[in-house]
Amino acid sequence: MAKAKKKAAKKKKKFKLFGIKPTSYKDWSAPIDVTKKIMEQNVSRPEGRPTDYKPEYCSQLVEHMAKGLSFECFAGTIGVVKKTLYNWCDQFPQFLHAKEIGTAKSMIFWEQIGIDHIVSRSESFGQGMGSESKSLNSSAWIFNMKNRFNWRDKIDHTHEDVPISPDTLLKKLASLKLSKEDLLAIANEQNNETTDA
């Protein structure tokens, strides 16, 4: 008897699937209607958390970076994580453009510091007050420029110490137009240097 009461209670409960009350088996077999209802629900409400992005962040970012500060530390200034800034670059082209302008202004800031300190300056503080000389830690400045703006050391690719092939050597010797005696003298000189070492 208890089982029969439970079954009757289950039948009396109203059941809804995506806001649709099925009244017969026919209602369950209508996947198109259910899909349409789901799509309507998704269109009517936005997914995920709303963005914290504000259009005024573009001008704030340019001002921030013009002081020589990095793009990533702007995240701390406005209270977000740096991944959010990169997401905004993907989502908002104007924010990406502001980042590019800010990077150029940051480069101006740092290059100006280098120029100011390459040309030696000293500042006087009035009569008898002494003077202060500005100096630049050149290693730190170069390290900063390499990391921020992809500066690289110039690498010499002349390959003077690389051994050359016998064919190349013969062509170079032929272009010198030396006699056989001169060539033998050079070869003997080279052999003597090798045995002495």
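The values are calculated or read from the model by the stated rules, or taken from the named source; none is laboratory data. What you see is a predicted model; the values in this text were computed from it and never measured. All Cβ positions, even for glycine, are placed from backbone atoms using ideal geometry, and neighbour counts span all protein chains on display.
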Every residue from the range 137-163 that is at pLDDT 70 or above and farther than 21 Å from Met65 by Cβ: Asn137, Ser138, Ser139, Arg152, Asp153, Lys154, Ile155
In the range 70-106, residue farthest from Phe149 (Cα to Cα) [restricted to those that are exposed (fewer than 15 other Cβ atoms within 10 Å of the Cβ) and among the basic types (Lys, Arg)]: Lys83
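For Leu170, are the conditions met, namely being over 30 Å from Ser106 (Cα atoms), at pLDDT below 75 and surrounded by 10 or more Cβ atoms within 10 Å (Cβ to Cβ)?
The answer is yes for Leu170.
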Helices (runs of 4 or more DSSP H) fully within the range 1-117 counting 2 or more residues that are at pLDDT 75 or above: 57-66, 74-78, 82-91
